[in-house]
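> The structure's right below; bear with me while I get my questions together.
The values are calculated or read from the model by the stated rules, or taken from the named source; none is laboratory data. Just so it is clear, the structure is predicted and the values come from calculations on it, not from any experiment. With ideal geometry, Cβ positions are generated from the backbone for all residues, glycine too; neighbour counts draw on all protein chains shown.
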Amino acid sequence: MSGPIKLLCEIQTIDIEMENIEKERGLYLKDIESAGVEVKGLEEEIEALKKELEGIKAEVRDREDRSRQNGEKIEKDQKRLNEVKNEKQLAAVNKEITAAQKANKLIEIEISALVGKAGDMALGLAEKEKALEEKMARRKALDEELKGKGPGWEDARREKETRRSAVSSSLNQSLLKRYETIKSRRAGVGIVNVKNETCLGCYIQIPPQVYIQLKKGLEEIITCPHCHRILYCDNSPAHPSAVPSMKA
(Lines give C-alpha, C1' and ligand atoms only; values in the text may rest on other atoms or scores of the structure.)
Protein backbone atom coordinates (compact mmCIF):
# COMPACT_ATOMS: atom_id res chain seq x y z
CA MET A 1 0.00 0.00 0.00
CA SER A 2 1.44 3.36 -1.06
CA GLY A 3 2.04 6.28 1.29
CA PRO A 4 -0.90 8.40 0.09
CA ILE A 5 -3.27 5.44 0.36
CA LYS A 6 -2.13 4.76 3.92
CA LEU A 7 -2.76 8.40 4.79
CA LEU A 8 -6.22 8.28 3.20
CA CYS A 9 -7.03 5.11 5.15
CA GLU A 10 -5.98 6.82 8.35
CA ILE A 11 -8.06 9.89 7.53
CA GLN A 12 -11.07 7.74 6.79
CA THR A 13 -10.62 5.85 10.06
CA ILE A 14 -10.64 9.19 11.87
CA ASP A 15 -13.68 10.34 9.90
CA ILE A 16 -15.56 7.17 10.83
CA GLU A 17 -14.61 7.57 14.49
CA MET A 18 -15.92 11.16 14.46
CA GLU A 19 -19.07 10.04 12.68
CA ASN A 20 -19.59 7.36 15.33
CA ILE A 21 -19.38 10.01 18.03
CA GLU A 22 -22.11 11.98 16.27
CA LYS A 23 -24.16 8.83 15.80
CA GLU A 24 -23.92 8.03 19.50
CA ARG A 25 -24.93 11.57 20.38
CA GLY A 26 -27.75 11.35 17.84
CA LEU A 27 -29.03 8.11 19.37
CA TYR A 28 -29.22 9.76 22.78
CA LEU A 29 -31.06 12.74 21.33
CA LYS A 30 -33.43 10.44 19.46
CA ASP A 31 -34.11 8.39 22.61
CA ILE A 32 -34.70 11.56 24.62
CA GLU A 33 -37.06 12.90 21.95
CA SER A 34 -38.87 9.56 21.82
CA ALA A 35 -39.18 9.49 25.60
CA GLY A 36 -40.53 13.04 25.50
CA VAL A 37 -43.17 12.06 22.95
CA GLU A 38 -44.17 9.08 25.09
CA VAL A 39 -44.36 11.27 28.20
CA LYS A 40 -46.57 13.78 26.40
CA GLY A 41 -48.77 10.99 25.07
CA LEU A 42 -49.18 9.45 28.52
CA GLU A 43 -49.93 12.85 30.05
CA GLU A 44 -52.68 13.39 27.49
CA GLU A 45 -54.10 9.89 28.08
CA ILE A 46 -54.05 10.43 31.85
CA GLU A 47 -55.79 13.78 31.52
CA ALA A 48 -58.46 12.22 29.28
CA LEU A 49 -58.95 9.33 31.72
CA LYS A 50 -59.29 11.73 34.65
CA LYS A 51 -61.94 13.74 32.82
CA GLU A 52 -63.83 10.59 31.87
CA LEU A 53 -63.58 9.31 35.43
CA GLU A 54 -64.93 12.58 36.79
CA GLY A 55 -67.79 12.30 34.30
CA ILE A 56 -68.65 8.82 35.58
CA LYS A 57 -68.49 10.00 39.19
CA ALA A 58 -70.86 12.83 38.28
CA GLU A 59 -73.26 10.31 36.75
CA VAL A 60 -73.10 8.24 39.93
CA ARG A 61 -73.88 11.32 42.05
CA ASP A 62 -76.79 12.21 39.75
CA ARG A 63 -78.29 8.72 40.08
CA GLU A 64 -77.75 8.73 43.83
CA ASP A 65 -79.69 12.01 43.98
CA ARG A 66 -82.50 10.50 41.92
CA SER A 67 -82.52 7.42 44.13
CA ARG A 68 -82.73 9.57 47.25
CA GLN A 69 -85.57 11.61 45.75
CA ASN A 70 -87.41 8.39 44.86
CA GLY A 71 -86.83 7.12 48.39
CA GLU A 72 -88.29 10.29 49.84
CA LYS A 73 -91.27 9.99 47.52
CA ILE A 74 -91.81 6.33 48.54
CA GLU A 75 -91.69 7.33 52.19
CA LYS A 76 -94.27 10.09 51.66
CA ASP A 77 -96.52 7.81 49.60
CA GLN A 78 -96.38 5.12 52.28
CA LYS A 79 -97.58 7.70 54.81
CA ARG A 80 -100.37 8.67 52.43
CA LEU A 81 -101.67 5.09 52.51
CA ASN A 82 -103.16 5.79 55.92
CA GLU A 83 -105.01 8.78 54.53
CA VAL A 84 -106.64 7.29 51.43
CA LYS A 85 -110.45 7.01 51.52
CA ASN A 86 -111.20 4.56 48.73
CA GLU A 87 -109.83 1.66 46.73
CA LYS A 88 -109.13 3.81 43.70
CA GLN A 89 -106.87 6.17 45.67
CA LEU A 90 -105.20 3.22 47.35
CA ALA A 91 -104.44 1.61 44.00
CA ALA A 92 -103.04 4.90 42.64
CA VAL A 93 -100.72 5.42 45.60
CA ASN A 94 -99.52 1.80 45.50
CA LYS A 95 -98.85 2.19 41.79
CA GLU A 96 -96.69 5.26 42.46
CA ILE A 97 -94.79 3.42 45.20
CA THR A 98 -94.18 0.42 42.95
CA ALA A 99 -92.97 2.64 40.07
CA ALA A 100 -90.57 4.47 42.37
CA GLN A 101 -89.26 1.20 43.77
CA LYS A 102 -88.69 -0.20 40.26
CA ALA A 103 -86.95 3.03 39.25
CA ASN A 104 -84.64 2.73 42.24
CA LYS A 105 -83.79 -0.86 41.39
CA LEU A 106 -82.82 0.23 37.87
CA ILE A 107 -80.81 3.10 39.31
CA GLU A 108 -79.00 0.68 41.64
CA ILE A 109 -78.06 -1.49 38.64
CA GLU A 110 -76.83 1.56 36.75
CA ILE A 111 -74.83 2.78 39.75
CA SER A 112 -73.27 -0.67 40.18
CA ALA A 113 -72.23 -0.72 36.52
CA LEU A 114 -70.83 2.81 36.72
CA VAL A 115 -68.92 2.06 39.93
CA GLY A 116 -67.44 -1.05 38.29
CA LYS A 117 -66.44 0.95 35.24
CA ALA A 118 -64.93 3.65 37.44
CA GLY A 119 -62.94 1.00 39.33
CA ASP A 120 -61.52 -0.42 36.11
CA MET A 121 -60.67 3.07 34.91
CA ALA A 122 -59.00 3.89 38.22
CA LEU A 123 -56.80 0.81 37.82
CA GLY A 124 -55.98 1.83 34.25
CA LEU A 125 -55.23 5.36 35.44
CA ALA A 126 -52.87 4.04 38.11
CA GLU A 127 -51.04 1.96 35.49
CA LYS A 128 -50.74 4.96 33.18
CA GLU A 129 -49.43 7.14 36.02
CA LYS A 130 -46.87 4.48 36.92
CA ALA A 131 -45.80 4.24 33.27
CA LEU A 132 -45.55 8.03 33.12
CA GLU A 133 -43.36 8.07 36.22
CA GLU A 134 -41.07 5.46 34.67
CA LYS A 135 -40.88 7.31 31.34
CA MET A 136 -40.10 10.59 33.07
CA ALA A 137 -37.37 8.88 35.10
CA ARG A 138 -35.99 7.35 31.90
CA ARG A 139 -35.96 10.69 30.13
CA LYS A 140 -34.24 12.33 33.08
CA ALA A 141 -31.62 9.56 33.18
CA LEU A 142 -30.97 9.98 29.45
CA ASP A 143 -30.65 13.75 29.89
CA GLU A 144 -28.11 13.23 32.66
CA GLU A 145 -26.20 10.63 30.64
CA LEU A 146 -26.09 12.97 27.65
CA LYS A 147 -24.89 15.82 29.83
CA GLY A 148 -22.22 13.57 31.37
CA LYS A 149 -20.96 12.23 28.04
CA GLY A 150 -20.93 15.60 26.29
CA PRO A 151 -17.51 16.79 27.50
CA GLY A 152 -15.92 13.43 26.65
CA TRP A 153 -17.35 13.53 23.15
CA GLU A 154 -16.11 17.07 22.64
CA ASP A 155 -12.61 16.18 23.86
CA ALA A 156 -12.51 13.12 21.63
CA ARG A 157 -13.73 15.09 18.64
CA ARG A 158 -11.14 17.82 19.14
CA GLU A 159 -8.39 15.20 19.47
CA LYS A 160 -9.51 13.50 16.26
CA GLU A 161 -9.81 16.79 14.38
CA THR A 162 -6.26 17.67 15.45
CA ARG A 163 -5.00 14.25 14.32
CA ARG A 164 -6.87 14.51 11.03
CA SER A 165 -5.43 17.94 10.38
CA ALA A 166 -1.92 16.65 11.03
CA VAL A 167 -2.39 13.68 8.68
CA SER A 168 -4.07 15.82 6.03
CA SER A 169 -1.14 18.22 5.97
CA SER A 170 1.07 15.36 4.76
CA LEU A 171 -1.29 14.52 1.91
CA ASN A 172 -1.63 16.06 -1.55
CA GLN A 173 -4.55 18.47 -1.15
CA SER A 174 -6.07 17.68 -4.53
CA LEU A 175 -6.15 13.98 -3.56
CA LEU A 176 -7.68 14.87 -0.20
CA LYS A 177 -10.36 16.93 -1.93
CA ARG A 178 -11.02 14.05 -4.31
CA TYR A 179 -11.44 11.66 -1.37
CA GLU A 180 -13.80 14.05 0.41
CA THR A 181 -15.91 14.50 -2.73
CA ILE A 182 -16.26 10.73 -3.15
CA LYS A 183 -17.00 10.31 0.55
CA SER A 184 -19.77 12.91 0.43
CA ARG A 185 -21.41 11.05 -2.45
CA ARG A 186 -20.89 7.51 -1.16
CA ALA A 187 -22.42 7.28 2.32
CA GLY A 188 -19.37 8.74 4.05
CA VAL A 189 -16.94 6.17 2.59
CA GLY A 190 -14.33 7.36 0.12
CA ILE A 191 -11.75 4.57 0.14
CA VAL A 192 -12.22 0.81 0.41
CA ASN A 193 -10.20 -2.38 0.36
CA VAL A 194 -10.41 -4.93 -2.43
CA LYS A 195 -10.41 -8.60 -1.51
CA ASN A 196 -10.55 -11.54 -3.89
CA GLU A 197 -11.05 -9.09 -6.77
CA THR A 198 -14.18 -7.70 -5.05
CA CYS A 199 -14.70 -4.09 -4.00
CA LEU A 200 -15.74 -4.11 -0.35
CA GLY A 201 -17.67 -0.90 -0.88
CA CYS A 202 -20.19 -2.14 -3.46
CA TYR A 203 -19.39 -5.90 -3.47
CA ILE A 204 -19.02 -5.97 -7.23
CA GLN A 205 -16.06 -7.72 -8.84
CA ILE A 206 -13.50 -5.42 -10.42
CA PRO A 207 -11.63 -6.20 -13.67
CA PRO A 208 -8.64 -8.57 -13.20
CA GLN A 209 -6.17 -6.04 -14.63
CA VAL A 210 -7.30 -3.44 -12.09
CA TYR A 211 -6.81 -5.96 -9.30
CA ILE A 212 -3.30 -6.74 -10.55
CA GLN A 213 -2.43 -3.05 -10.52
CA LEU A 214 -3.72 -2.68 -6.99
CA LYS A 215 -1.71 -5.63 -5.75
CA LYS A 216 1.45 -3.99 -7.05
CA GLY A 217 0.86 -1.16 -4.58
CA LEU A 218 1.72 1.60 -7.03
CA GLU A 219 1.31 5.33 -6.27
CA GLU A 220 -1.37 5.58 -8.94
CA ILE A 221 -4.84 6.25 -7.55
CA ILE A 222 -7.34 3.68 -8.81
CA THR A 223 -11.09 3.90 -8.31
CA CYS A 224 -13.80 1.28 -8.48
CA PRO A 225 -15.42 1.28 -11.93
CA HIS A 226 -18.79 0.68 -10.27
CA CYS A 227 -19.03 2.78 -7.08
CA HIS A 228 -16.09 5.10 -7.92
CA ARG A 229 -14.52 4.84 -4.47
CA ILE A 230 -10.73 4.91 -4.21
CA LEU A 231 -9.38 1.38 -4.00
CA TYR A 232 -6.47 -0.28 -2.28
CA CYS A 233 -5.47 -3.89 -1.79
CA ASP A 234 -4.41 -5.24 1.58
CA ASN A 235 -5.32 -8.86 2.33
CA SER A 236 -3.38 -9.08 5.58
CA PRO A 237 -5.45 -10.28 8.59
CA ALA A 238 -4.63 -7.13 10.51
CA HIS A 239 -5.88 -4.83 7.77
CA PRO A 240 -8.76 -6.43 5.87
CA SER A 241 -10.51 -3.15 5.14
CA ALA A 242 -10.42 0.49 6.10
CA VAL A 243 -14.15 0.60 6.64
CA PRO A 244 -17.00 -1.61 7.74
CA SER A 245 -18.56 -3.54 4.87
CA MET A 246 -21.41 -1.70 3.17
CA LYS A 247 -23.31 -1.49 -0.07
CA ALA A 248 -22.78 1.37 -2.51
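> I'd like to know if region 3-25 contains one or more residues that are surrounded by fewer than 16 Cβ atoms within 10 Å (Cβ to Cβ), in a helix (DSSP H, G or I) and over 43 Å from the mean Cα position of the chain (by Cα).
Scanning region 3-25 turns up at least one residue that is surrounded by fewer than 16 Cβ atoms within 10 Å (Cβ to Cβ), in a helix (DSSP H, G or I) and over 43 Å from the mean Cα position of the chain (by Cα).
> A further question follows. In region 212-227, how many residues are within 15 Å of Ile5 (Cβ to Cβ) and either touching a Ser or Thr at 6+ places or on another chain (Cβ under 6 Å) or not basic (Lys, Arg) (or both)?
Within region 212-227, the subset within 15 Å of Ile5 (Cβ to Cβ) is 213-224.
Filter once more, keeping what is either touching a Ser or Thr at 6+ places or on another chain (Cβ under 6 Å) or not basic (Lys, Arg) (or both): 213-214, 217-224.
Looking only at that region, the number is 10.
> Those residues that are of a type in the set (Lys, Arg) and part of a strand (DSSP E or B), I need them from region 208-225; list them, please. It would help to see each step written out before you state the result.
From region 208-225, those of a type in the set (Lys, Arg) are 215-216; that's our starting set.
If the condition is that a residue be of a type in the set (Lys, Arg) and part of a strand (DSSP E or B), then no residue fits.
Residues checked against (1) in a helix (DSSP H, G or I); (2) modelled with pLDDT of 95 or more; (3) out of contact with any strand residue (DSSP E or B) (no Cβ under 7 Å at 6 or more places or on another chain); (4) farther than 30 Å from Glu154 by Cα:
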{"site": "Lys50", "(1), (2), (3), (4)": "yes, yes, yes, yes"}
{"site": "Gln78", "(1), (2), (3), (4)": "yes, no, yes, yes"}
{"site": "Lys88", "(1), (2), (3), (4)": "yes, no, yes, yes"}
{"site": "Ala91", "(1), (2), (3), (4)": "yes, no, yes, yes"}
{"site": "Glu96", "(1), (2), (3), (4)": "yes, no, yes, yes"}
{"site": "Glu110", "(1), (2), (3), (4)": "yes, yes, yes, yes"}
{"site": "Met136", "(1), (2), (3), (4)": "yes, yes, yes, no"}
{"site": "Lys140", "(1), (2), (3), (4)": "yes, yes, yes, no"}
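> In this structure, is Glu43 under 30 Å from Ala137 (Cβ atoms), at pLDDT 95 or above and either among the charged types (D, E, K, R) or not assigned by TED's automatic domain parsing to the domain that holds Ala137 (or both)? Before the answer, list the steps.
Working: under 30 Å from Ala137 (Cβ atoms): yes; at pLDDT 95 or above: yes; either among the charged types (D, E, K, R) or not assigned by TED's automatic domain parsing to the domain that holds Ala137 (or both): yes.
Yes; evaluated as a whole, the condition is true for this residue.
> Does Lys95 meet the test of being of a type in the set (Lys, Arg) and within 30 Å of Arg138 (Cβ to Cβ)?
Details: of a type in the set (Lys, Arg): yes; within 30 Å of Arg138 (Cβ to Cβ): no.
So Lys95 does not fit the description; no.
> While we're on this one: Looking at Val189 and the list (1) surrounded by 15 or more Cβ atoms within 10 Å (Cβ to Cβ); (2) assigned to a helix (DSSP H, G or I), which single condition is not satisfied?
(2)
Matching residues to (1) under 21 Å from Leu171 (Cα atoms); (2) modelled with pLDDT of 80 or more; (3) not assigned by TED's automatic domain parsing to the domain that holds Ile14:
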residue	(1), (2), (3)
Lys195	no, yes, yes
Leu214	yes, yes, yes
Ser241	yes, no, yes
Met246	no, no, yes
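> Please enumerate the residues belonging to region 96-119 that are of a type in the set (Ser, Thr, Tyr) and either over 25 Å from Gln78 (Cβ atoms) or not assigned by TED's automatic domain parsing to the domain that holds Glu52 (or both). I'd like the intermediate steps shown before the answer.
Here is the first cut: in region 96-119, the residues of a type in the set (Ser, Thr, Tyr) are 98, 112.
Matches in region 96-119: Ser112 only.
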